[in-house]
1. Quick check on packing: order 58-67, 151-160 by the mean number of other C-beta atoms within 10 Å, highest mean leading.
2. Label-point separation (nm) for residue 84 and residue 104, each offset 7 Å from Cα along Cα-to-Cβ?
3. Between residue 168 and residue 123, take the C-beta separation as r, use R0 = 30 Å, and let me know the FRET efficiency to the nearest 0.05.
4. Between their Cα atoms, which of 55/144; 15/144; 51/154; 20/169; 20/90; 31/104 are more than 32 Å away from each other?
5. Alpha carbons only, please: Rg and Dmax for the range 93-183, in angstrom.
6. Per the Kirkwood treatment, what hydrodynamic radius in Å, one decimal, follows for the range 92-132 from the mean inverse distance over all distinct Cα pairs?
7. Test of understanding: given the chain, find the longest segment containing no GluC sites (Glu not before Pro) that are in a DSSP loop and have at most 16 other Cβ atoms within 10 Å.
8. Can you list the equivalent-ellipsoid semi-axes of the range 31-179, largest first and in whole Å, using the square root of 5 times each Cα gyration tensor eigenvalue?
Amino acid sequence: MANNNELVPGFDDEKDDSLKMSLDKVEDVDKCLTMYLNGYIDTYNSVYFQKQVTKVVNAGFVNLIFNCSGLNYVSSTGIGSFTAFLKLVKQNGGDIVLLSIQPKVYEVFQLLGFSQFFNIKDSFEDSVSFFKKGSKVENSIFPKVFSCPVCSRKLKASKSGRFRCSDCKSILAIDQQGHVFLG
């Protein structure tokens with residue numbers, strides 16, 4: 001894990017044993033940093049997490065790759081933090097990629113219906129490619145508006161994957177071709 005925390009003034013001024021973070025500049029992408037997260041994010045350390053990411057954005061880094069391979073738990077409060085960061089960086093012309101999310105952490109994103117809002121990648125190369133493509137949706141099928149096969153509620157998917165219907169709570173999946181099914 002790289003540690004170039006000096007890239008952001010004051011980043012190491014505060015510490016939290018439950019969440020260790022380190023930074024690494026992504027040379028191929030303008031205003032881009034990888035933040036390596038190790039530990040967990042919950043109600044008790046989410047303020048610390050938010051302060052640290054705000055320091056990063058205030059230092060001019062608005063394209064953020066959160067390497068979540070060392071993140072073993074995220075509460076709903078932690079997911080709320082990621083959502084706030086997404087809004088913050090988008091206002092400044094940036095975006096967020098969540099990299100290498102562990103299955104049990106990804107499940108929390110899915111259950112709360114947030115997996116469809118985030119760019120989730122499995123490799124660093126895919127993360128960098130996302131920013132090089134100008135943060136555009138890769139497939140012209142998406143975003144796709146469709147009806148829930150259970151309750152007929154109109155839903156919108158920004159990309160393929162699994163998510164929960166906001167009305168009937170059925171778990172749905174949408175494939176790369178835009179086909180919707182239960183599951």
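1. Taking the mean over residues of other Cβ atoms within 10 Å, the ranking is 58-67, 151-160.
2. Here the modelled spin labels are 2.6 nm apart.
3. Efficiency at R0 = 30 Å is approximately 0.30.
4. Beyond 32 Å: 55/144; 15/144; 51/154; 20/169.
5. 13.6, 39
6. That comes to 10.9 Å for the range 92-132.
7. Looking at the chain, 28-137 is the longest stretch - no exposed GluC sites (Glu not before Pro) with at most 16 other Cβ atoms within 10 Å.
8. 26, 19, 14
FYI, it's all coordinate maths here, none of it is from the lab. All of these numbers come straight from a predicted model, not from anything done at the bench. Glycine also receives a Cβ, built like all others from the backbone with ideal geometry; neighbour counts cover every protein chain displayed.
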